[in-house]
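Let me begin by presenting the structure, written as structure tokens, before commenting on it.
All of the numbers you see were taken from the coordinates with simple rules; none came from a lab. Computed from a predicted structure; not experimentally measured.
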Amino acid sequence: MKKIAILAFATILMVACGPSREKRIDQIENFEDSIFESAIAADPNTADQLTEMYVAFADKYPGDSLSPQYLMKAADMQSNVLHTDRALSLFDRVINEYPDYEEVPMCYFLKGNALELNSQIDEARAAYEEFLAKYPDHYMAEQTRMMLPRIGMSPEEMLADILEHANDSLLIAQ
């Protein structure tokens, strides 16, 4: 029992004293460089490892300007490997903990994207509509309005719909 208590204390001490802010940033940047230079960037295990580094930094330094950036990177990475629940949780964390962060509107947009990638079409539509309601003048708003009716379509259906509506608007313009 005494050994367990000593081990627990040593673990807490190592976590509390862990690497400095600068060392953590260097570790993150080195890991990013190593995975983005190769094809393993899409590997879920590698994405999870880097996500843990990002989240650990944000947990340790919640007031640091890099924390919301790292959390967004983690969320986007989780979305890309279809860990949708984790991605949504991280986007929500940025929204809730960093409401003044300039990229909060993109969190709302990317939540829709994550859901769409995971074929959760109704939820994606709702997320995009929330983005438009909160940020109607955002630079991604017009693109979102154009793609909203096409969510869930196959690429072929989407192209046919775009061409059909393009022809309609050409007829109107004449």
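Distances between every pair of Cα atoms in the range 60-107, grouped in 5 Å steps from 0 to the bin holding the largest one, split as 5, 26, 33, 23, 11, 3 percent.
Summarising the amide proton neighbourhood of residue 140: residues at separation of 5 or more, or on other chains, whose placed amide H is nearer than 5 Å comprise an empty set. Once Rh is set to the Kirkwood radius over Cα pairs, what Stokes-Einstein translational diffusion coefficient, in µm²/s, holds for the range 60-144 at a temperature of 25 °C and a viscosity of 0.890 mPa s? This corresponds to a translational diffusion coefficient of 192 µm²/s.
Hey, how much of the P(r) for the range 21-173 falls beyond 24 Å, as a percent of Cα pairs? Cα-Cα pairs in the range 21-173 separated by more than 24 Å: 42 percent.
Once the mean of 1/r is taken over each pair of separate Cα atoms and inverted, the range 110-166 shows a Kirkwood hydrodynamic radius of 11.7 Å.
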